[in-house]
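First comes the structure, then the notes that go with it.
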Amino acid sequence: MQVPHGAAPTITGEMLKPKDIDFVERRSAAKDAKLALLERAKARLNSPEAEQARLERIALAEAREAREAQKKIEAEERAKAEAQRKAEEIVRRKQEEEARIAAEAARKAAEEAEKEAARQAQRDARKSDRTKLMKEQMAALEAAMRGGGKS
């Protein structure tokens with residue numbers, strides 16, 4: 001029997017040689033084995049054990065997410081506490097620096113006041129010496145005038 005050009009031959013017992021029959025049987029057996037394997041896989045997926053394993057995996061994933069969320073919260077709290085500590089440290093250092101500057105200014109003011117007091121004491125001493133000297137000179141002059149006019 002001739003097959004027209006472009007038409008597929010039909011599979012019948014008349015046309016197949018023993019070699020072809022063996023191929024068809026193997027192909028059919030492989031198809032049946034694949035179907036059986038697929039059915040077993042579907043049965044395993046729908047089994048109570050598979051459902052229990054799925055539930056366990058879901059529970060583990062949820063627990064992992066909760067732990068990660070808790071870790072994230074703790075890390076944020078630590079970062080916040082560290083930022084607070086650094087801010088307090090900066091404020092403390094600034095206050096110490098301001099106190100040091102104020103103490104230095106007070107020390108300089110005290111030194112300046114001390115120097116001014118010493119200068120004022122020297123001026124007063126010089127003024128006192130001049131006044132004393134002028135009084136002595138005036139007294140000597142008066143004495144010379146009194147004594148000089150009587151003689």
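The values are calculated or read from the model by the stated rules, or taken from the named source; none is laboratory data. Only a predicted model underlies this, so the values are computations on that prediction, with no experimental measurement involved. Cβ coordinates were reconstructed from backbone atoms using ideal geometry, including for glycine residues, and neighbour counts include every protein chain displayed. Note: areas computed on protein heavy atoms with side chains; ligands, DNA, RNA excluded. Shrake-Rupley method; radii C 1.70, N 1.55, O 1.52, S 1.80 Å.
Descriptive notes on the structure:
- Filter pass, A117 being within 54 Å of the chain's Cα centre (by Cα) and either open to solvent by 80 Å² or more (accessible area, probe 1.4 Å) or among the hydrophobic types (A, V, I, L, M, F, W, C) (or both): no
- Close pairs from the stretch 18-33: first among the aliphatic types (A, V, I, L, M), partner open to solvent by less than 100 Å² (accessible area, probe 1.4 Å) and outside any helix (DSSP H, G or I), Cβ under 9 Å, at least 6 apart: I21/G13; V24/L16
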